[in-house]
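The structure appears below as structure tokens.
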Amino acid sequence: MRKLVSSWMALMALALPLSIAPPSAAEAKPKVIYLVLWRGWEDASEGFKDGLDSAGIDYELIVRNAEGQKDRLAGFVAEAKALDVDLVATWGTSVATGMLGLHAGDANQLTVAPIPAVFMIVSQPIGSGLVADLSSSGRNFTGSLYLVSEQTQLTVLNSFGPVKRLAVVYNPLEANSTINVKRLTQLAKERQFELLARPVPLTVDGQPDGEQIIDTVESLAALGVDWFYQGPDSFMNKNGSIYVTAATALGIPTFASTDRLVHEAGALLSVSNSYRAAGVVAAGKAAAILRDGVDPADIPITGPKEPSIVINIDSALALETYPPLSLLGLSKIVTAVPLE
């Protein structure tokens, strides 16, 4: 009898490894990522998805589009919390500040906290009040940068030849635009060039008047400017074809802080990080949070390592404004495709 019991216990010991329960359904389920866009799916969104796929994360993506309406953001915050998602991702300054809150905001501001979050395509994370320091948000989120500093932009621009007068038309109602103009104003003093900045005139309803862009460009051109500048300005980017075409018709090249106007509207030069690359960087930070358990506050806010210089060769030929050979080897050369 004792031998039988011993044999039974030995068999049970061998069977123990087979009796270990598999991971629970809660442990095995995909990570739920709640992505909020400002104006629909585009290159940064695609880069974010591709980056997540490359990271090998099992995830479910819930996509919401604010369609340019800030009053939708509170509902998205509530939905993300009700769904108890694993991570929130935001596109654009308005969505990020609306759902993640300002670093100096009051204790009652409505945010997705404590859900971890990642932002992308925020032009001025510090200037917009989203964070106080790029080394850490100090809160429940991190993010990726996509703009290259104005200092670097001007250095590349001056490789075409010294710029003595730089003109910019901007929307005075956009924080990103006004911050950009302030920085350019300071750099103009430091680098000893003249900045001619003109806000787009407003309509009687207090909105920027797109019909006034051509007149504003013509008035600046009459002052003898060397280049027009296009900064991180949603309104002016939306009207980029009008802006660039007006400048080109007057024989003046346009510099853009994002490459879209070079590819699609004929701006001569851009120095930027592509939207797609910024999305991939944001996905890497999301992976560190979801896969590796890193606290978002411990992840610095950074951008792609190498900015992209894009030159429109058709515009260079038409304007007879040619890049130096040293820059050509570092640049992507494109031709213009008209904006729709």
Just a yes or no: is a residue in segment 243-257 closer than 30 Å to ALA55 by Cα, buried (at least 19 other Cβ atoms within 10 Å of the Cβ) and either among the basic types (Lys, Arg) or touching a helix residue (DSSP H, G or I) at 6+ places or on another chain (Cβ under 7 Å) (or both)? yes
Number of the condition not met by THR155 [criteria: (1) open to solvent by 30 Å² or more (accessible area, probe 1.4 Å); (2) of a type in the set (Val, Ile, Thr); (3) more than 23 Å from the chain's Cα centre (by Cα)]: (3)
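Do you know which residues across segment 103-128 are among the hydrophobic types (A, V, I, L, M, F, W, C), closer than 18 Å to LEU145 by Cβ and either in contact with a His (Cβ under 8 Å, 6 or more places away or on another chain) or without any contact (Cβ under 8 Å) to a residue 60 or more places away in the chain (or both)?
Start the filter on segment 103-128 by keeping residues that are among the hydrophobic types (A, V, I, L, M, F, W, C), which leaves 104, 107, 110, 112-113, 115, 117-122, 126.
Narrowing the set further to residues that are closer than 18 Å to LEU145 by Cβ leaves 117-122, 126.
Selection gives VAL122, ILE126.
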Identify the residue in segment 122-151 that is assigned to a loop (DSSP other than H, G, I, E, B) and among the β-branched types (Val, Ile, Thr) and, among all such residues, is nearest to PRO307 (Cα to Cα). VAL148
Could you please tell me which pairs satisfy a Cβ distance under 6 Å, a separation of 6+ or placement on different chains, a first residue in segment 30-47 that is farther than 16 Å from ARG260 by Cα, and a second residue that is open to solvent by 70 Å² or more (accessible area, probe 1.4 Å) and part of a strand (DSSP E or B)? PRO30/GLU60; VAL32/GLU60; VAL36/ARG64
Take the conditions under 21 Å from the mean Cα position of the chain (by Cα) and free of Cβ contacts under 8 Å to residues at least 12 places away in the same chain and apply them to ASP53. Does it pass? yes
Strands (runs of 3 or more DSSP E) contained entirely in segment 27-121, each with at least 1 residues that are touching a helix residue (DSSP H, G or I) at 6+ places or on another chain (Cβ under 8 Å) and open to solvent by 30 Å² or more (accessible area, probe 1.4 Å): 31-37, 59-65
Checking the structure you have, find out if any residue of segment 136-145 is open to solvent by 10 Å² or more (accessible area, probe 1.4 Å), over 16 Å from the mean Cα position of the chain (by Cα), closer than 17 Å to LYS70 by Cβ and not charged (D, E, K, R). no
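Give the residue, chosen from SER326, SER315, that is of a type in the set (Gly, Ala, Ser), open to solvent by 40 Å² or more (accessible area, probe 1.4 Å) and over 30 Å from ASP86 (Cα atoms).
The match here is SER326.
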Mind counting the residues in segment 178-218 that are in contact (Cβ under 8 Å) with a residue 40 or more places away in the chain and either in contact with a Cys (Cβ under 6 Å, 6 or more places away or on another chain) or over 15 Å from GLY240 (Cα atoms) (or both)? 4
For segment 208-225: of the residues being open to solvent by 10 Å² or more (accessible area, probe 1.4 Å) and touching a helix residue (DSSP H, G or I) at 6+ places or on another chain (Cβ under 6 Å), which is nearest to LYS164 (Cα to Cα)? ILE214
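Looking at VAL163, VAL204 in this structure, which one is among the aliphatic types (A, V, I, L, M), out of contact with any Leu (no Cβ under 8 Å at 6 or more places or on another chain), open to solvent by 10 Å² or more (accessible area, probe 1.4 Å) and part of a loop (DSSP other than H, G, I, E, B)?
VAL204
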Options PHE235, PHE228: the member that is surrounded by fewer than 22 Cβ atoms within 10 Å (Cβ to Cβ), of a type in the set (Phe, Trp, Tyr) and touching a residue at least 60 places away in the same chain (Cβ under 8 Å): PHE235
Yes/no for ASP298 being touching a residue at least 24 places away in the same chain (Cβ under 8 Å), over 20 Å from ASP50 (Cα atoms) and touching a strand residue (DSSP E or B) at 6+ places or on another chain (Cβ under 6 Å): no
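The values are calculated or read from the model by the stated rules, or taken from the named source; none is laboratory data. Note that the structure is predicted; figures quoted are calculated from it, not measured. Glycine also receives a Cβ, built like all others from the backbone with ideal geometry; neighbour counts cover every protein chain displayed. Protein only, heavy atoms only, side chains kept; ligands, DNA and RNA dropped before computing areas. Shrake-Rupley method; radii C 1.70, N 1.55, O 1.52, S 1.80 Å.
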